[in-house]
Amino acid sequence: MQRITVCVRQILPHAGAIARAVACKTISLPSSSGIPDLRQPLFSHQVRPYSTSKTDSTAPPRLSLRGDSIAVRQQKVEAASGLKTGSLGMPDPAFVDVLDKLGENVVGGFILPASVAPGFVIDGKEISIPMSTEEPSVVAAASFGAKLIAKNGGFKTYPAEPIIIGQIQLIRPEASPCTPELVMEKLQSDDIERFLKAHALGEVAKLRSMTDRGGGFRDGFSVRKLTPRMLVLEFRLDVRDAMGANLVNMVAEALAPKVRELTEWDTNFRILSNNASQRITRATVMLSPASLAFGKWNGDIVAKNIALGSEFALHDENRAVTHNKGIMNGISALGLSTGQDTRALESAAHFHARHLGINPETGEKRYGPLATWTLNSEGNLIGEIEVPTPVGVVGRLPVAHPGVATNLRILSGDNITSENLSSAMAALGLAMNLSALRALGTEGISAGHMAQHDRFKQVVPPSESSKGSLK
Ligand code: MEV
């Protein structure tokens, strides 16, 4: 029996929100690993399982692609995803006409690897995750992490409500008698709010159809004073399966003239906020130390080193940003392959992380890790992630871009929703982080990275690769 001190992050219900506390305690690591059921959902307000169908959590993942030729991988993924034979592979040259409609000044197509990371068991269902990235170790890390987590029963996920914030900037004209306080009171009154919402519904047909589909305005308006002559009015829209940026901008633009009329203040910017901290998806896993053992590495030591690496990111911003970059390696690759705005995903993730760390000297919150790893009292490794998921599965790209449509189908068959995609993103981020922390806490990151890069040398001799040209 070994005793170690670890930092344990606790989730506490606090004032209707989720608050975190960190406590250091000395625990005993058991020599064997009985795996209890996962704790009660940590985030019960958002529990909406990805799938209710169950897999045998002890069975190895059904789909494995390692060592196969490209043709065999294509056949296997087509069969597993219900895709027509020949759906995968290089696009038809005529595809450039579609790209011409999607982009500006198009001169061709720019191709990245289309990869698949199989073996993710998410809420009891096995899925494959499409990824597009220039970095081979990213897909290898995703598959490795997924397999390890599948052996331990898989991921439990809590997808986000698809809420987006819209903002209208208000400026006090020089001679206006209307104080900021008066404007705030007016815009937050029930009658005015009802009137403005009805006005937007009348003006924006897309908002009406979104409302018919169960989305639309959520909560009341909020108005904040930024300076004595500047306010911001914020509204929230549930955008269902859309990414929603255009809709929110249209609603802000429709509201602004009425807001100006009612307040006699000028309106300036009318735009969504890329702060997606209202759209947080969570995932949790639990791994037995035994499942982490490999080579000369004892599983308890591996689990302990992962927890210590997580604590490093909790207390050190320079480490946290690298920790989060590894998570986003996966999330952006899934985002790119499914036609998401990867810049929105990245900016929302790093903004959300701004309070997830703890300054060890002052105890104040600051930039920190999106995922954490702690040891529970039985010595099992608990992984938790929370990431903003501003994603959409309807609109231009899923319809017009055959690669995006195929990848959404690989991910979720006929049942693709923004919740499914959000769950897959959170699970993928956690798998990426597990693989990185396991490597960093044991044999180091270079061995795996360099093994992947050596494959490149088989295609391009060093003299060519140093010129940076594939011609
Ligand atoms: C490299 O692209 C990502 C890592 O640096 C992530 C990490 O350090 O956690 C390996």
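The values are calculated or read from the model by the stated rules, or taken from the named source; none is laboratory data. What you are looking at is a predicted structure, and each value in this text was computed from that prediction instead of being measured. Note: ideal-geometry Cβ built from the backbone for every residue, glycine included; neighbour counts use all protein chains shown. To get the accessible areas, we keep the full protein, side chains included, count just its heavy atoms, and leave off ligands, DNA and RNA. Shrake-Rupley method; radii C 1.70, N 1.55, O 1.52, S 1.80 Å.
P(r) for the stretch 334-376, from all Cα pairs and a bin width of 5 Å, is 6, 19, 18, 18, 16, 11, 7, 4, 1 %, short bins first. With 0.36 nm allotted per residue and the present C-alpha distance subtracted, the D92-A198 stretch has 33.5 nm of extension available.
When only the heavy atoms of the protein chains count and the probe is 1.4 Å, how do R172, R213 rank by accessible area, highest first?
Correct descending sequence by accessible area is R213, R172.
In this simple spin-label model, placing a label point 7 Å from the Cα along the Cα-to-Cβ direction at both I171 and V321 gives a separation of 3.3 nm. Across the accessible surface of the stretch 326-369, with the other protein chains kept in place and a 1.4 Å probe, carbon and sulfur atoms take up 52 percent. Given a 1.4 Å probe and the protein chains as shown, F155 ends up with an accessible area of around 10 Å². In order along the stretch 272-278, the phi-based Karplus estimate (6.51 cos²θ - 1.76 cosθ + 1.60, θ = phi - 60°) of 3J(HN,Hα) comes to 5, 9, 7, 6, 10, 5, 8 Hz; Gly and Pro are listed as x. With all protein chains in place and a 1.4 Å probe, the accessible surface of the stretch 94-208 carries 56 percent carbon and sulfur.
Heavy-atom accessible surface of T211, to the nearest 10 Å², is about 60 Å², with a 1.4 Å probe and all protein chains retained. Sorting 439-446, 304-311, 228-235 by average packing, meaning the other beta carbons within 10 Å per residue, from highest down gives 304-311, 228-235, 439-446. Rg and Dmax of the stretch 162-272, based on Cα coordinates, read 13.6, 45 Å. Per residue, the stretch 96-221 exposes 48 Å² of solvent-accessible protein surface, assessed with a 1.4 angstrom probe and all protein chains in place. Annotation: amide H-H contacts under 5 Å for F155 (H modelled 1.01 Å from N, sequence separation of 5 or more, or interchain): V121, I122, D123, G124.
Against the criterion of solvent-accessible heavy-atom surface with a 1.4 angstrom probe, H315, H355 sort, most first, into H355, H315. Amide H contacts of R366 (H built 1.01 Å from N, in plane; Pro and chain starts excluded): L356, G357, I358, N359 sit under 5 Å, all sequence-distant by 5 or more or on other chains. Between S377 and R62, the simple label model (points 7 Å from Cα in the Cβ direction) yields a spacing of 3.9 nm.
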